[in-house]
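Any read-out appearing in this document is the output of simple, stated calculations on the displayed coordinates, not a laboratory observation. All values derive from a computational prediction rather than experimental measurement. Positions of Cβ are generated from backbone atoms using ideal geometry, with glycine treated the same way; all protein chains shown enter the neighbour counts.
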Amino acid sequence: MVLSSKRLNSMVAAVFGVALCAHGAQAPQHLNINQLSTTVEDVVVPLPNELFGALNKLGAVNWKEHVRSDKEANFTERPRIALLLGTVIADGFIAVQAEDAPAVKDIGQRVLALAKGIGVGNSITPHAKAIIDAADKRNWANVRQELDRTQNSVQQAMNEVHDEKLSQLVSLGGWLRGTEVLTSVVKQHFSEDGAELLHQPDLLTYFQTRLQTMSEFNLPIVHQIQDALAEVKPLINIGNARISAESVKKVNEITTRLGNDIIKKG
Amino acid sequence: VNPFAKVLLCTTSLLAAIVVLPPAILASVDPTTVYARAYALLAAEPYVKKGFQVREDYWAGDLASGERKAVRQQLFKGNEYWFWLGTEVDRAKVSVHIYNSDGELAEQPDSWAKSHLAAAHIIPKTTGSYFIIVSVEESPAARTHWALAYGFR
């Protein structure tokens, strides 16, 4: 990309200006959010490692026991591949938490194979290579960044060909795997702060709304996820109340069952 | 650092920020959004050195002078977040602030705004949805393009 000299001058002036002047960041202490409701945009789905980072701060987690080694089935249906791709990218973040270089490298290859299966392999090849190279160097920060870039590139490529629904399934697959691991960790060593990380009712509503628009994906797994989200919602959407150990256990059972269904033919 | 060196350093950073944009974005997004995002990434750069991971995903749009937009985002207690706003419009003033789901200002006092750039910092007290309010306070343009990026550690 070539920048025009006028644009470059403008940027230089602006950057120089930043050093010289600053205007105040006054903001009202309270805002009526309801008045802004018409302008609120869609939710951006957090990466699994945002969740894992918060979980890590609550105490040591044995991430190695959450690294998945069993291979997923080969699917031909694109929605199934999209769900699986999101799950495998989330597995990449888990392997990074565990600092398991061989698992990360394997996941880099699997992500590439799945991306090819869904027709977006070209945009993923450099990222897969970067993931493998960074894993070889045990540069975990770079692996995390490349996993994020991988997911972003997959979704950009899908959006360009108007496959936004598949792109949303990638996010959903990652969210389900992240929730499965979160609940597994919190179930083992329950804490209220750990359970609070499940408080994501708007994200859950977002996924439910998106799934309702996917009637063309008439697959059992899509219906299973819809039913599962309806089961999970009352367990985590409880306002200011605390999420109980029993609810965490139930969400773990639901997401573990779904996780198995996503990676296996059935 | 003398002023000239500082400008040179910042310009290099800005060019680097544009270069690292994913090719898919360069191909599919309005050039003004690319510049706006480059400014947002420029604002993010010092924080990357402090261990913040900047998300590839970002929000973008355009607003008239005096308009604002709310973006809803799930945040997790235990993490620390910065949101960076940028625009390419000369002499525009932008701002970004963070509110919790009850509409209370939830950002840290070190949030800032400087001409093309603004940033808001939050260490969430609870896990849940927050509202990031993006505003174009003043602008010579009829519509001012903006981009909002965020990072966490």
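A simple spin-label model places pseudo-atoms 7 Å from Cα toward Cβ; at A:ASN260 and A:ARG138 they are separated by 3.5 nm. For the residue pairs A:LYS105/A:LYS265; A:LYS57/A:LYS250; A:LYS64/A:LYS233, alpha carbon separations beyond 26 Å are given by A:LYS64/A:LYS233. Per-residue mean of foreign Cβ neighbours for B:56-65 is 3 (Cβ atoms of other chains, 10 Å radius). Using the Karplus relation 6.51 cos²θ - 1.76 cosθ + 1.60 with θ = phi - 60°, the per-residue 3J(HN,Hα) values for the stretch B:147-153 come to 9, 10, 10, 9, x, 8, 8 Hz, with x marking Gly and Pro. Here's how it looks for B:ASN79: its modeled amide H is under 5 Å from none belonging to a residue 5 or more places away or on a different chain.
Using the Karplus relation 6.51 cos²θ - 1.76 cosθ + 1.60 with θ = phi - 60°, the per-residue 3J(HN,Hα) values for the stretch A:239-244 come to x, 8, 6, 7, 7, 7 Hz, with x marking Gly and Pro. Charge dipole of the stretch A:131-230 (Cα centre as origin; +1 on each Lys and Arg Cβ, -1 on each Asp and Glu Cβ, all else neutral): 200 debye, rounded to the nearest 20. Applying both filters, DSSP loop and at most 16 other Cβ atoms within 10 Å, to the GluC sites (Glu not before Pro) of the stretch B:63-153 gives B:GLU67.
Can you compute the FRET efficiency between A:ASN122 and A:GLU164 using 1/(1 + (r/R0)^6), with r the Cβ-Cβ distance and R0 = 22 Å? Round to the nearest 0.05. Given R0 = 22 Å and the Cβ-Cβ separation, E is 0.70. If R0 is 30 Å, the Cβ-Cβ spacing of A:ALA230 and A:GLU99 corresponds to a FRET efficiency of close to 0.20. Using C-alpha pairs below 8 Å separated by at least 6 residues, the relative contact order for chain A is 22 percent. Loop-resident trypsin sites (Lys or Arg not before Pro) (DSSP state other than H, G, I, E or B) in the stretch A:127-160 with no more than 15 further Cβ atoms inside 10 Å of their Cβ: A:LYS137, A:ARG138. If you take the Cα centroid of the stretch A:96-153 and the Cα centroid of the stretch B:66-86, the two points sit 27 Å apart.
Screening chain A for whole DSSP H helices of 20 Å or more along their axis (Cα) with average Kyte-Doolittle hydropathy at least -1.0 returns A:5-20, A:78-97, A:101-117, A:121-136, A:164-188, A:220-236, A:245-263. For trypsin sites (Lys or Arg not before Pro), the sites in the stretch A:53-128 that DSSP calls loop and that have at most 14 other Cβ atoms within 10 Å are A:LYS57, A:LYS71.
Over 30 Å apart: what share of the alpha carbon pairs of chain A falls there, rounded to a whole percent?
Pairs farther apart than 30 Å: 37 percent.
For the residues A:ILE33, A:ILE94, A:ILE107, a GNM of chain A with alpha-carbon springs under 10 Å puts the largest fluctuation on A:ILE33.
Counting Cβ atoms of other protein chains within 10 Å of each residue's Cβ and taking the mean over peptide B:129-138 gives 3. A straight chain from A:SER244 to A:THR209 at 0.36 nm per residue would run longer than the Cα-Cα distance by 10.0 nm. What the phi angles of the stretch B:38-46 give under the Karplus curve with 6.51, -1.76 and 1.60, with θ = phi - 60°, is a coupling list of 4, 5, 4, 5, 4, 5, 6, 3, x Hz, glycine and proline written as x.
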